[in-house]
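A.B. asks: Handing you a structure now.
Please treat every number below as a calculation from the coordinates, not as lab data. All figures in this text were calculated on a predicted structure; none of them were measured in a lab. Ideal geometry is used to build each Cβ from the backbone, glycine not excepted, and the neighbour counts take in all protein chains shown.
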Amino acid sequence: MSKMKLYSGGEIPVEMHRVSIVRPIKLIPVDARLKALDAAGNCSYNLRSDEVFIDMVTDSGFNAMSDAQAGAFHVADFAYAGSDSYYKMADKIREILGKEYFLPVHQGRACENMLAKSFVKQGDLIPTNFHFCTFATQVSLCGGAVVEFLQDKGIVTGGDDGFKGDYDIEKLEKFLKETPGERIPFIRIEAGTNLIGGQPISMDNILAVSALAKKYGIKTLLDMSLAMDNIHFIKTRDEKRRNKSVREITRELADAVDIIYFSGRKLGFARGGGICMNDRDDFIRVRGFVSCFEGFPTFGGMSSAEMEVMRVGFDDTMNEDVISQGPDFIEYMVSEFIKRGVPVVTPAGGLGCHLDADRFCAHLGKKDFRAAALAAAIYVVSGVRGMERGLSSEKPEESIAPFELVRLAVPRRVYTLSHIMYVIDRVTWLYEHRDMIGAMRWEDESVEEHSFIDFLRPVDDWRERLAEEYKRAELE
Ligand code: F0G
């Protein structure tokens, strides 16, 4: 519980840790930020980190280690085969997730690659609550496709449903009835659901998906990359599980599925990834691909030092004070933005605070790169780097993204409340000057297929005019 009531009224999230190692940050002047944006092609991903004041592009690999993790880093066994660090991590997986077999890989998308190569064949269909880009890509490279079954409540940016990541169980059952079982290698569950604003899926819904999968004899696959937020939301939003410990909820989640994978860049506060299961045949099948593409199966492309960090990170994750920090900061941001009229995805989810660029930049057209323009404008007026989730990064094969969001990720244990207050203040200033945000276009419109790191160009000098207005406010 990191929320503290204030004597003066209201409550604030209080960090349940103190800082022992720091890295200085600096805010470069607004004119230098314009130059940096030019060099980055107006894409926040292309900025250098020393040009960024507060980095909210992602929570991936950017979470702060605990002192116990930093200590563990130095006791790694770097043996090529059979390293002690691997066996300790495999024991931790058995203890916490109850899965017998563990395969390390270098990051989350490598898990997806290994699993797709192991199980997906031409023409296969993989049901999922919502797609994640790296997973969908790995599946399509193997000739398959993902099919989404998110309930309608998840596809809207507003509302107050606590579990917007839930599957539409009826639609899923209809699909399972009508589709030959051999075309469905597994049913995927993403907890929490990244691309709809880090929204959680409920335990009851996961259990219902799992029961259906058993009925139709299909395996279940759980992406636990964002599970630490999801577990926190189950504990705080699900009446039936309020009195359960984090450890009990985690085990209930893990027991509901056959195969688990995760990005250790998120779950475990480290840099790596892992695949876990109980079925020995599945393990041997996936292991063959791991040793071919990632590394010998007891390190799988991970540094043993990072495996030690990940193991201790799993222990850290079993502590509600640790896993509540990100969501409580995000909730604080969301509620402060709501008070100021700034449009955000509600209710507050995990991973980060998501600005609704469609409403923020309603004066721009659907094809004007509302989210990318907003992310660039935020950087101009604050030095804060968010990430656009819209036309340029989402489903590039479609000309219109389902919604345009700017994610202000809250890497865990990295920023303090004063950083968060600064972000809220500058985004609010921008909202009050939102009419000055202009459109973007691909720099090279002759190219048919674009990637999210391709350069964009503003349609006119709106960024410079915004910078001048910001200077007049004398906030720096
Ligand atoms: N699954 C989910 C739900 C994710 O959010 C990510 C990564 C992955 C899989 C892939 O993991 O990056 O270690 O290869 N999300 C990052 C993000 C990229 O910024 O949200 P990875």
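A.B. asks: In straight Cα distance, which aspartates and glutamates are under 14 Å from K471, not counting same-chain residues fewer than 8 positions off?
C.D. replies: D31
A.B. asks: Give me the percent of Cα-Cα pairs in segment 67-319 that sit more than 21 Å apart, rounded to a whole number.
C.D. replies: Result for the distance tail: 56 percent.
A.B. asks: Taking the mean number of other Cβ atoms within 10 Å as a proxy for protection, how do you rank 108-120, 159-171 from highest to lowest?
C.D. replies: Averaged packing, sorted descending, gives the order 108-120, 159-171.
A.B. asks: Sticking with this one: Give, in nm to one decimal, the length gained when the segment between N319 and R242 is fully stretched (0.36 nm per residue of separation minus the Cα-Cα distance).
C.D. replies: Length difference between fully extended and current span is 26.3 nm.
A.B. asks: A further question on this structure: Pop a pseudo-label 7 angstrom from the Cα along the beta-carbon direction at both D435 and K3 and give the gap in nm to one decimal.
C.D. replies: According to this spin-label approximation, the distance is 3.7 nm.
A.B. asks: Name the residue from F233, S303, P127 whose Cα lies farthest towards the positive end of the charge dipole of segment 67-319, charges +1 on Cβ of Lys and Arg and -1 on Cβ of Asp and Glu.
C.D. replies: P127
A.B. asks: Right, next: Take every Cα pair under 8 Å in segment 308-396 that's 6+ residues apart, average their separations, divide by the length, and report that relative contact order as a whole percent.
C.D. replies: Over segment 308-396, the number comes to 17 percent.
A.B. asks: Could you give the dipole magnitude of the chain about its Cα centre, charging the beta-carbon of Lys and Arg +1 and that of Asp and Glu -1, in debye to the nearest 20?
C.D. replies: 720 debye
A.B. asks: OK, next. Only Cα pairs under 8 Å and at least 6 apart count here; give the relative contact order of segment 67-319 as a rounded whole percent.
C.D. replies: On the way: 512 pairs, mean separation 77.0, N = 253.
30 percent.
A.B. asks: Name all residues of segment 207-235 having a backbone nitrogen under 12 Å from the label point set 7 Å from the Cα of M16 along its Cα→Cβ direction, giving them as ranges.
C.D. replies: 232
A.B. asks: Tell me the net charge near R370. Cut-off is 10 Å between Cβ atoms, R370 excluded, with +1 for each Lys or Arg and -1 for each Asp or Glu.
C.D. replies: Combined, the nearby Lys, Arg, Asp and Glu give -2.
A.B. asks: Follow-up. Do any of K5/K339; K171/K235; K219/K240; K164/K240; K5/K92 go past 29 Å between their Cα atoms, and which?
C.D. replies: Values: K5/K339 18 Å; K171/K235 27 Å; K219/K240 26 Å; K164/K240 18 Å; K5/K92 36 Å.
As for pairs spanning more than 29 Å Cα to Cα, those are K5/K92.
A.B. asks: Indicate the gyration tensor shape class of segment 143-232 (rounded, prolate or oblate), computed on the Cα atoms with a ≥ b ≥ c the square roots of the eigenvalues: a/c under 1.5 is rounded; otherwise a/b larger than b/c is prolate and the rest oblate.
C.D. replies: The shape class here is prolate.
A.B. asks: Then there's this: Given just the C-alpha atoms of the chain, how large is their convex hull per residue in cubic angstrom? Intermediate results must be reported in sequence, preceding the final value.
C.D. replies: Working: hull volume 70.1 nm³, N = 476.
It is 147 Å³ per residue.
A.B. asks: Then there is this: Restricting the calculation to Cα positions, tell me the Rg (one decimal) and the Dmax (whole number) of segment 1-75 in Å.
C.D. replies: My reading of the Cα-based Rg and Dmax gives 17.6, 48 Å.
A.B. asks: Still on this structure, please answer the following. Please sort 304-311, 97-104, 48-55, 350-357 by packing, taking for each peptide the average over its residues of neighbouring beta carbons within 10 angstrom, highest first.
C.D. replies: Taking the mean over residues of other Cβ atoms within 10 Å, the ranking is 350-357, 304-311, 97-104, 48-55.
A.B. asks: Let me have the 222 nm mean residue ellipticity of the chain computed from DSSP H runs of 4+ only, each contributing -39500 (n - 2.57), with the sum over all residues rounded to the nearest 500. It would help to have the intermediate numbers written out before the result.
C.D. replies: Numbers: 17 runs with 186 residues, N = 476.
Taking each H run of at least 4 residues, the total per residue is -12000 deg cm²/dmol.
A.B. asks: Moving on. Which of the peptides 203-210, 384-391, 148-155 is most tightly packed, and how do the rest follow, going by the mean number of other Cβ atoms within 10 Å of each residue?
C.D. replies: Going from most to least packed, we get 384-391, 203-210, 148-155.
A.B. asks: Just the number: Rg to Rh for segment 86-144, Cα atoms, Kirkwood Rh, two decimals.
C.D. replies: When Rh is taken as the Kirkwood radius, the ratio is 1.07.
A.B. asks: Placing +1 at every Lys and Arg Cβ and -1 at every Asp and Glu Cβ, with all other atoms neutral, what dipole size does segment 357-476 have around its Cα centre, in debye to the nearest 20?
C.D. replies: Charge dipole, segment 357-476, about its Cα centre: 640 debye, nearest 20.
A.B. asks: Taking K153 as the anchor, which aspartates and glutamates have their alpha carbon closer than 18 Å to its alpha carbon, excluding any fewer than eight residues away along the same chain?
C.D. replies: By straight Cα distance, K153 reaches D161, D166, D168, E170, E190, D204, D238, D356, D358, E404.
A.B. asks: With each label point set 7 Å from Cα along the Cα-Cβ vector, what nm distance links D460 and A79?
C.D. replies: 6.9 nm
A.B. asks: Something else: For the chain, what's the relative contact order in percent, using C-alpha pairs closer than 8 Å and at least 6 residues apart? All intermediate terms of the calculation are to be shown ahead of the outcome.
C.D. replies: Values: 995 pairs, mean separation 104.7, N = 476.
Result for the chain is 22 percent.
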